[in-house]
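Reading through the structure tokens given below for one structure.
The values are calculated or read from the model by the stated rules, or taken from the named source; none is laboratory data. If you're wondering where the values come from, they're calculated on a predicted model, not measured in any experiment. Virtual Cβ from ideal backbone geometry, glycine too; neighbours counted across all protein chains shown.
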Amino acid sequence: MEKRKAVLIILDGVGDRANPQLNYKTPLQYARTPNLDNIARKSVVGLMDSIAPGIRAGSDTSHLNILGYDPYRVYTGRGPFEAAGLDMDLEPGDIAFRCNFATVDDDMVVIDRRAGRIKEGTDELLKDIDRMVIEDVKIFVKPGVEHRAALVLRGPGLSPEVSDVDPHDTGLKIHDAKPLSAEAEKTARILNEFVKRAHEILKEHPVNKKREKEGKKPANIILPRGAGMVPHLKSFTEKNGLKAACVVGTPLIRGICKLAGITPIEVPGATGGYDTDMVAKMDAVLENLRDYDFILVNIKATDIAGHDMQPLKKVEVIERIDEAIGHLSENIPDNVVLILTADHSTPCTVGDHSGDPVPIMIYASDTRREGEAFNEISVLRGSLRILASDLIDIVKNHTNRAEKFGA
Ligand code: ZN
Ligand code: ZN
């Protein structure tokens, strides 16, 4: 039996509902997708629930489930995955947060949650704050894109059960982090002390003095949110015997992959936005198939169009994806298993993730040929009705890597 490789392409939030602007078709039904449909005709097809029927999944919990990690066991918040996505060194048990640089007035009321969308100088601003020690807890901070950053607390007796400091709106006073359980009192105390000390340093910082002189808003506070404990994830490669890489633009998904021991492949032009270079992503897949058995690709633009409630934009993004997939399928060796699906639905009528199941198709040279087109309705003629947690076993079957149960 020839062992095959696999490419799993996740069209983030591509699943949708009947849209009045599209004659009550879904964007996938409405879009012209000759290449996706061509693959569907040679694939097993059906629907997948990212967590379980009706459950509205985040991108993080759904990707964990797709990769075979039970989100109910390993997920306590988004922070650790954001921090891992910024290449911070993490240890299981660390407590991590996502943060914004923001602007507060003298009464600690938030004037701007993004500090005037600060673009430069955040690494300079964090220099005197990174590696702060409070009590017996070491604190690490690292800047992300623009106003974003991540924060990590490392030490004994910490808990992720603390509320956000970020009030999530302007005109409000910053919140005190509150312990949500008795075990979290120390964490809340240290977090509040950190925010206070960081504010003292930031408000006098030369970078901010210069910003103020230029009429820009100072990045004079760090607002943590989304606390989570860094989980111990058994390496995906070891668990499944598949040497794995990923091509992803968004730090959150990149972080999940990193914590699962999946190697990120850097692709210039892969932004995680509307302007992402999809063909470049496919080329990265083709180039790296020599070295890896399993490559995960995430394309985020479909989800953004769903959040923006722009069905025609979503159609346009899907048609661009179709072209990129055409490029991929023309050049990919025929012994590679190709899986296309989504991590959840992001209906344009909702503007957020929903619990509607997502279409899935799995192509291998000898899969049963079930499909007709790649959309939520056409795939109903196929045999699949699965949970995301089943997916890796199904992939292992089609790559001829599944172990036989019994004699
Ligand atoms: Zn998503
Ligand atoms: Zn989303």
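Considering the range 10-30 alone, what residues qualify as being of a type outside the set (S, T, N, Q) and either surrounded by fewer than 23 Cβ atoms within 10 Å (Cβ to Cβ) or not assigned by TED's automatic domain parsing to the domain that holds residue 317 (or both)?
Passing the criteria: 17, 18, 20, 22, 24, 25, 30.
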Quiz prompt | Boolean, residue 92 is under 26 Å from residue 239 (Cα atoms), surrounded by fewer than 24 Cβ atoms within 10 Å (Cβ to Cβ) and not aromatic (Phe, Trp, Tyr) | solution = yes
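Matching residues to (1) over 21 Å from residue 152 (Cα atoms); (2) within 16 Å of ligand 1 (Cβ to nearest atom); (3) without any contact (Cβ under 8 Å) to a residue 60 or more places away in the chain; (4) under 26 Å from the mean Cα position of the chain (by Cα):
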site: 12; (1), (2), (3), (4): yes, yes, no, yes
site: 29; (1), (2), (3), (4): yes, no, no, yes
site: 43; (1), (2), (3), (4): yes, no, no, no
site: 57; (1), (2), (3), (4): yes, yes, no, yes
site: 60; (1), (2), (3), (4): no, yes, no, yes
site: 74; (1), (2), (3), (4): no, no, no, yes
site: 84; (1), (2), (3), (4): no, no, no, yes
site: 108; (1), (2), (3), (4): yes, no, no, no
Quiz item: Right, residue 244: within 16 Å of ligand 1 (Cβ to nearest atom), crowded, with 17+ Cβ neighbours inside 10 Å, in the same structural domain as residue 15 (by TED's automatic domain parsing) and among the small types (Gly, Ala, Ser) or not?
Solution: no
Exercise. Inspect the range 362-383 for any residue being acidic (Asp, Glu) and without any contact (Cβ under 8 Å) to a residue 60 or more places away in the chain and give the result as yes or no.
Key: yes
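Residue-wise test of (1) over 30 Å from residue 386 (Cα atoms); (2) away from ligand 2 (no atom under 16 Å from the Cβ); (3) at pLDDT 95 or above.
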position: 68; (1), (2), (3): no, yes, yes
position: 84; (1), (2), (3): no, yes, yes
position: 98; (1), (2), (3): yes, no, yes
position: 118; (1), (2), (3): yes, yes, no
Self-check item: Hits in the range 148-166 (condition: in contact with a strand residue (DSSP E or B) (Cβ under 6 Å, 6 or more places away or on another chain) and in a loop (DSSP other than H, G, I, E, B))
Solution: 155, 158, 160, 164, 165, 166
